[in-house]
Every structure is written in structure tokens, then in C-alpha cells.
2 protein chains.
Amino acid sequence: MQNFVFQCATKIIFGRNTENQIGNEVKNYSRKVLLHYGAGSIKRSGLYDKVIKSLQEADIEIFELGGVLANPRLSMVREGISQCHENGIDFILAVGGGSVIDSAKAIAVGVPYDGDVWDFFIRKSTPVRALPLGVILTIPATGSEASKSAVITNEDGWYKRSIGYDLLRPAFAIMNPEFSVTLPPYQTAVGAVDIMSHVMERYFTNVTNVELTDRLCEATLKTVLRNTPLVMQDPEDYNARAEIMWAGTIAHNDLLSTGRIGDFGSHKIEHELSGIYDVAHGVGLAVIFPAWMKYIYKNNVDRFVQFAVRVFDLEIDFEASENTALEGINKLEEFFKSLDLPTHLSELHITDERFEEMASKCTEKGPVGFFTKLYKEDVLNILELAR
Amino acid sequence: MQNFVFQCATKIIFGRNTENQIGNEVKNYSRKVLLHYGAGSIKRSGLYDKVIKSLQEADIEIFELGGVLANPRLSMVREGISQCHENGIDFILAVGGGSVIDSAKAIAVGVPYDGDVWDFFIRKSTPVRALPLGVILTIPATGSEASKSAVITNEDGWYKRSIGYDLLRPAFAIMNPEFSVTLPPYQTAVGAVDIMSHVMERYFTNVTNVELTDRLCEATLKTVLRNTPLVMQDPEDYNARAEIMWAGTIAHNDLLSTGRIGDFGSHKIEHELSGIYDVAHGVGLAVIFPAWMKYIYKNNVDRFVQFAVRVFDLEIDFEASENTALEGINKLEEFFKSLDLPTHLSELHITDERFEEMASKCTEKGPVGFFTKLYKEDVLNILELAR
């Protein structure tokens with residue numbers, strides 16, 4: 001086990017009707033908030049009205065910035081920063097899924113900074129302060145509600161880049177699984193893939209003696225594997241929705257990173273994919289992760305056997321345990337397919353035309369991944385396997 | 001799943017040599033600390049000298065209060081509070097195990113309070129403030145390093161009572177498993193029982209649809225079950241010590257309570273036992289927990305079958321699943337015995353002489369436990385089973 005520092009101070013307020021507490025929570029921090037949201041589904045669901053009512057009852061002045069897109073854009077982040085500067089706003093409230101939260105995080109860290117916020121994403125500067133940030137989560141997927149990371153796409157070159165600092169963790173996250181029951185099957189499915197990928201990026205490590213976190217990872221994966229089909233079948237299954245929503249937070253708040261080093265090579269490759277083709281992050285992961293596994297499993301067959309046995313309850317083939325490893329990878333791919341997701345680029349009508357460009361951009365700062373270091377050639381091979 | 005609020009903001013600094021960071025951590029809070037510790041093992045291990053050096057290098061003025069006993073006493077808590085008042089101390093640093101940390105928590109919450117600190121323990125008053133508190137943990141067991149609870153014994157009547165408030169959570173906890181390698185087998189064993197009990201108190205619930213936390217509980221229990229024999233065999237096994245130490249924190253920081261209601265009846269009964277006979281908490285639990293299980297398992301056989309199957313990898317007896325439930329309880333008791341711990345009161349030379357008194361005190365505020373509500377008669381029956 002490796003030395004580690006872990007602190008996730010985000011206050012989780014979980015369950016039915018918790019959104020009505022938003023005014024009371026916000027007023028612990030500010031009387032002037034930027035309400036940040038997406039395309040408007042929160043208006044259709046009635047959540048928007050509830051939030052406005054609760055904030056008004058708490059005498060909080062509301063400024064709005066809606067319209068965040070999936071794969072949130074740098075231009076809107078800059079717009080939010082300007083709005084905060086112009087109006088003296090000192091609290092950001094993100095209502096939505098991971099894109100909205102990530103955009104809010106970038107605004108929160110950009111407001112107290114003199115330079116351009118993209119500096120942080122290209123490692124030109126390190127943030128030392130951020131505005132406090134609150135979240136009302138509607139889509140379980142990215143874990144951004146309690147994570148330290150944010151991913152933003154710069155339209156100038158379609159660079160999708162991430163930052164990770166403890167000061168980006170939201171002060172609180174209100175999580176009512178009822179708001180996820182209206183998610184269409186497709187979004188439910190890509191959310192599940194995203195959650196599982198966050199766990200698997202941590203699970204596949206070369207650090208030894210990480211038993212507790214291994215088992216916590218397996219617990220989280222099994223929970224998502226069992227509950228996702230339940231909500232695909234019955235979208236209004238509150239309890240299954242709740243399991244998935246809470247699993248999404250645990251998957252990415254870094255508890256599962258304690259004492260170990262994750263890989264995140266697949267995430268890096270996927271960012272190039274969704275940066276260029278604007279596919280949903282979870283779809284990209286459903287394509288890239290199995291390909292990555294097939295490419296690298298031989299570097300640590302035993303870990304893949306453990307994955308197959310403990311996560312998918314497979315029996316070990318004691319004569320050729322490599323078969324068990326492969327069967328585990330297969331099971332994962334089958335699971336993604338059972339959610340009606342593509343697991344190959346061809347299903348997304350993506351050809352090898354820009355493989356070279358993606359592999360170059362992905363590795364321009366050096367190899368990616370820790371479980372296996374991936375150079376440009378490796379990324380090309382993985383994209384080829386994903387074709 | 002039930003609605004819940006969860007926030008554990010304690011910063012965990014885990015691993016080798018982390019104690020040398022103490023000065024830097026403390027100075028984020030104060031320049032004047034009360035250094036609180038136990039009987040002096042920290043002096044023998046060299047930890048005391050390291051702490052003093054690091055604090056001095058950070059220009060921190062040190063006041064000392066050593067000599068905390070197992071089952072920490074109210075009189076010393078009052079002494080600590082006076083010392084803080086007299087010297088304007090505004091930070092408590094606990095160096096030791098659960099007793100030291102609990103004593104420090106009681107001091108931290110007593111200093112800013114006008115009345116007597118015992119008021120909180122008899123629910124006469126509710127704390128609204130506490131001094132910040134830092135921890136250097138040497139004994140994995142109580143989970144107090146990140147928990148919201150503290151247990152103190154009032155020598156006037158030998159009442160052992162607990163409080164639980166988020167404001168009691170330490171600001172940070174430095175955890176170096178190396179300091180646990182010198183623990184004698186007995187203390188290692190009672191620590192493991194304490195950790196497992198914290199998980200099991202949460203595991204046995206009547207709240208349904210708590211799959212993720214069930215699985216996280218099972219993950220934590222399995223880790224302790226596998227690693228405790230390793231350290232009993234080789235006390236210097238750093239990695240196994242590290243697994244146990246981190247498991248001890250996870251077991252009691254309330255992550256495993258999210259969405260569910262724990263039982264804690266066994267803990268309440270044990271507090272009467274150790275309050276009167278001053279046995280180690282873990283020893284008392286090794287005696288009470290199996291007796292409690294045998295007394296109540298019929299109220300929810302399936303949950304005990306799940307425990308047997310998922311924690312002890314037992315096969316279900318499909319013709320009589322109750323047998324599987326009993327086999328699981330048996331396995332737990334055997335495990336405690338394998339650690340050379342007593343599992344019956346007779347082994348502690350405790351007779352039924354004061355059963356009546358313990359059962360009365362335990363239930364004087366009403367029945368205890370949630371999985372099964374226990375009245376005085378039930379407590380007497382459990383003590384009888386434990387005889």
C-alpha cells in the first residue's frame with residue numbers, strides 16, 4: 001500500500017425531497033449565486049421552480065447561466081466568469097449532471113484568478129483559490145458532485161482537458177434519485193458505464209497490498225452491475241436508482257484511490273474521441289475500455305482473473321487462468337451491449353481517418369496510463385482494436 | 001434506502017513517516033496546543049520525541065496532559081478543560097488510540113461550553129461548538145480518528161456514556177501503520193473485534209434496499225478477517241497492519257451507515273460490562289456480539305444467511321437456511337477464539353451477580369438496538385447466553 005492523503009469534505013444530502021433544502025444550504029455561504037444549468041430539462045421536471053422558490057425564500061439573489069452542453073465548453077466557462085465579476089457573485093450553484101458541475105467548477109476556480117482559466121488546464125498555472133460551489137445532481141454518472149476533477153473542452157482545436165484539485169470539491173451535493181427516474185435508457189446506460197469506468201480505472205493498478213480498496217471497488221462494481229438492468233427494465237425503481245446514484249459518488253470521490261495509483265489511460269484516449277466526435281463520454285468508454293483491456297491484460301493476468309472472479313462471479317479455469325481473464329473482459333463487453341451501447345467505433349460510424357491525430361494529441365505530453373504506460377503506437381493499436 | 005446526510009471532512013494523512021508532518025498540519029489551526037496522550041507508550045516508541053520536535057520546529061507552544069486510561073475517565077476530561085481555560089489553549093492534539101482520542105474530543109467540546117461537559121453525555125445539553133482537534137493514531141480499533149463519537153466513563157457510578165456529533169470529527173488524522181507493529185497480540189485482537197463490531201452494528205439492519213453499503217460492509221469485514229491472522233503471525237507485516245488501520249477508519253466514519261439505521265444494541269450492553277468491570281471494549285464485544293446474534297437471528301434469518309455466505313464464503317444449506325445463519329455466527333465466534341479472546345463471561349470470571357444492574361442501567365432510557373429492540377429482559381437473556 002502506498003502513502004496517501006484523502007479528504008473529501010463534500011456534505012452529501014441524499015434522498016427524496018432534499019432539493020427543498022437548497023436555500024438553507026446556500027445561505028451558509030452567500031446571498032448572491034450564479035445558478036448554472038443545462039438545456040432546460042430541469043425546467044420540464046419542475047426542479048427549476050423548486051430551486052428558485054427555495055432560494056427566494058432564503059433571500060438569495062439569483063443570477064442565471066443556462067445552456068451548458070454535454071462536453072462543456074470553455075466559451076461558456078469564460079462567460080460565467082465574466083458574469084460573476086460583473087455582478088460580484090461569490091457562489092456557484094450547479095443544477096444538473098456532470099457537464100453542468102464541471103462547467104461550474106471551472107467558473108468557480110476561474111473567478112478569483114487574474115489570468116485565463118484555460119491556464120489551469122494546460123498546466124500553465126495552479127489554482128490556489130476557488131469560489132464555493134453547491135450541487136443539485138440530476139444525473140448519476142461523472143461523480144463530479146464530490147470529485148476534485150473537472151473536464152472542459154476548448155473549442156479552439158477541440159482539446160478536451162481535465163484538472164483535479166481538492167479545492168474543486170463541491171461544498172455540498174444534494175442528491176435526490178427521483179430526479180434520475182426520468183432519464184432515458186440511453187443516458188442511464190452511459191452513466192452506468194462512466195461510473196464503472198471510474199472504478200475500473202482505479203482497480204487496474206500495479207500497486208500491491210491494496211486489499212481493502214480492491215474489495216470496495218468490487219462492491220461498487222457489483223452494485224452497478226446488478227442495479228443498472230433493474231432501472232433499464234423499470235425506470236421508476238427508486239431504490240435501484242438510489243444505489244446507482246450513491247455508487248456514482250463513491251466511484252470517483254477518491255476513496256477508491258486510497259493507497260493505490262489508478263490508470264486512467266482509457267479516460268485519456270476517450271477524451272480525444274469525445275473531444276473530436278462529441279460522442280457521450282460513457283459511449284466512448286464503452287468502446288475504449290474493452291479494447292484497452294484486451295490490449296494490456298497480459299501485463300497482469302492475475303488482476304484480470306481477480307476481476308473476473310470477484311466482480312462477475314466466474315469460476316477460475318485452473319488449467320489456463322488466462323481464459324478466465326478473457327472471459328471477464330468478455331462479460332464486461334456483453335454487459336455494455338446488454339445496455340444497447342456500442343462497443344466498437346464502427347457502430348458510431350467512426351473510421352480510422354483521425355486515429356493518427358487522436359493518438360498524437362493523447363500522448364503529446366508523454367505516455368498515458370499507469371497500469372500500462374501507453375505511447376502513441378499503443379494508443380493507435382487500442383483504437384484499432386476498438387474499430 | 002433511507003434519506004441521509006453524510007459528511008466526514010477529516011483529512012486522512014496515511015503511511016510511513018507521516019508523523020513528521022504534524023507541526024505543519026497543526027499550524028494551520030493554532031500556535032498553542034494541548035498534547036494529550038496515554039500511559040507513555042508513545043515515549044517508548046520514540047513517537048513522542050518526533051512529535052515534540054515537529055511541533056517545536058513549527059513554533060507551536062505545547063502544553064501536556066498524559067496518562068489517559070483505557071475507558072477514559074471524566075475526571076481527566078475535566079482536568080484537560082481546566083488546563084485549556086487557564087492557558088488559552090485552542091487546539092487539542094491526541095496522540096494514541098481511541099481512549100486518548102475520545103478523551104480529547106470530550107475536552108474539545110467541553111472547553112467552549114459554560115456548563116459541565118457531562119451534560120452532553122446525559123443529553124442535558126447539545127454542543128454547538130468544539131475546539132479543532134488533530135490526531136496521531138497508534139492503535140487501529142475504535143475508528144475515533146474520523147468518527148463523530150466519543151465514549152467517556154463517569155467514575156461517579158461508573159456510567160460509560162457516548163455522544164455523537166459531526167463537530168467532534170477530528171480536523172485531521174495522521175495514521176502511520178508502523179506505530180501499530182509494536183502492539184501486543186492481545187491489543188491487536190481486541191482492535192480487530194472492535195473494528196468488525198462497528199461494521200456489524202451497521203450491517204444488521206431492517207432497512208431494505210441497502211445493497212451498496214451492504215457490500216461495502218462485507219468488503220471491510222473480509223479485509224479484517226484476512227489480515228488480522230497475518231499480523232498475529234507476523235506483527236511486523238506492514239501491509240496487513242495498514243489494511244487493518246484503514247479498515248478501522250472506514251468501519252466507523254459513517255460511510256457504512258449511509259441510507260440505513262444501525263443497531264448498536266451490543267455496544268450498549270458492552271458499555272455496561274466494561275463500565276463496571278473495566279474489561280477492554282473489544283473483549284466485551286467478543287463476548288456480547290455472538291450472544292446477541294444467537295438471541296436475535298431468528299428475527300431476520302435471511303440477513304444472517306447473507307452474512308454467512310458473503311462474509312465467510314459459506315455455502316447455503318438450501319434445505320434449512322437457518323443452519324447457514326447459525327454456521328455464520330459460529331464462524332465469527334471461532335474467529336474470535338482463534339485470536340485467543342474469550343467469548344464467554346466465565347472466561348473473564350464474571351458471574352451473573354451484577355446482570356440485573358447492567359440490564360437496568362443499559363435500558364434505563366428505554367429499549368436499546370434497532371435491528372431488534374431490546375428491553376431489560378432481553379438484555380438479561382443475552383447476558384445469560386454470554387455466561
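Values in this text are rule-based calculations from the coordinates and carry no lab data. Because the structure is a prediction, the values reported are computed rather than measured. Note that each Cβ is placed from the backbone with ideal geometry, even for glycine, and that neighbours are counted across all protein chains shown.
What the table shows:
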item	result
Copy-to-copy label separations for B:Val5, where each label sits 7 Å from Cα toward Cβ, in nm and ascending	2.9
Beta bridges by DSSP in the protein assembly as shown, antiparallel share as percent, to the nearest 5	30 percent
Nearest-20 debye value, chain A charge dipole, Cβ charges on Lys, Arg, Asp, Glu	900 debye
Extreme residue, positive dipole direction of chain B, given options B:Phe204, B:Ala219, B:Leu255 (C-beta unit charges)	B:Leu255
Distance from the range B:288-304 to the range B:135-201 (C-alpha centre basis), Å	25 Å
Separation of alpha-carbon centers, the range A:338-387 and the range B:30-96, rounded to whole Å	56 Å
Nearest 10 degrees, 0 to 90: helix B:98-110 Cα axis against chain B principal axis	60 degrees
With Cα atoms, 0 to 90° folded angle of helix B:265-277 axis to chain B main axis	60 degrees
Separation in nanometres of the label points that stand 7 Å from Cα toward Cβ, at B:Ala9 and A:Glu57	2.5 nm
Cα point-scatterer Debye curve for chain B, base-10 log of I(q)/I(0) at q = 0.06, 0.13 Å⁻¹	-0.22, -1.06
Position B:Ser75, label points 7 Å along Cα→Cβ, spacing to each other copy in nm (shortest first, one decimal)	7.5
Longest to shortest principal axis, alpha-carbon extents of the range A:11-179, angstrom	42, 30, 25
Sites A:Asp340 and B:Trp158, calculated FRET efficiency, Cβ-Cβ separation with R0 56 Å, nearest 0.05	0.30
Other protein chain Cβ atoms within 10 Å, averaged over every residue that makes up B:204-212	4
For the protein assembly as shown, radius of gyration divided by Kirkwood radius, i.e. Rg to Rh on alpha-carbons	0.97
Relative contact order [Cα under 8 Å, 6+ residues apart], the range B:11-179, whole percent	27 percent
Chain A: angle of helix A:301-312 to the longest principal axis, Cα-based, in degrees nearest 10	60 degrees
Unsatisfied cross-links (Cα-Cα over 30 Å) in the set B:Lys32/B:Lys365; A:Lys27/A:Lys105; A:Lys222/B:Lys105; B:Lys50/B:Lys148	B:Lys32/B:Lys365; A:Lys222/B:Lys105
Shielding by partners - mean other protein chain Cβ count within 10 Å, residues of A:148-161	0
The range A:184-386, Rg to Rh (Cα coordinates; Rh as Kirkwood inverse mean 1/r)	0.95
Helical mean residue ellipticity (222 nm; -39500 (n - 2.57) per DSSP H run of 4+; nearest 500) of chain A	-15000 deg cm²/dmol
Sequence of B:Glu145, A:Glu333 once ranked by neighbouring C-beta atoms within 10 Å, starting from the fewest	A:Glu333, B:Glu145
Relative contact order of chain B, defined on C-alpha pairs under 8 angstrom at six or more residues apart (%)	16 percent
Potential lengthening between B:Leu69 and B:Tyr186 on full extension [0.36 nm per residue; Cα-Cα distance subtracted]	40.4 nm
Dipole in debye (nearest 20) - the range A:184-386, about Cα centre, beta carbon charges: Lys, Arg +1; Asp, Glu -1	540 debye
Net charge of Cβ neighbours under 9 Å - reference A:Arg202; Lys, Arg +1; Asp, Glu -1	-2
Shielding by partners, peptide B:7-17 (average Cβ within 10 angstrom, other chains)	5
Total charge dipole magnitude, the protein assembly as shown, about the Cα centre, Cβ charges on Lys, Arg, Asp, Glu only, Debye to nearest 20	1540 debye
Distance in nm between pseudo-label sites at B:Glu353 and A:Arg44 (7 Å out along the Cβ direction from Cα)	7.5 nm
Computed Rg/Rh of the range B:198-245, alpha carbon atoms with Kirkwood Rh	1.12
Inter-probe distance in nm under a simple model that places probes 7 Å from Cα toward Cβ, at A:Asn299 and A:Val207	1.6 nm
Inter-copy separations for A:Ile122, label at 7 Å along Cα-Cβ, nm, ascending	6.8
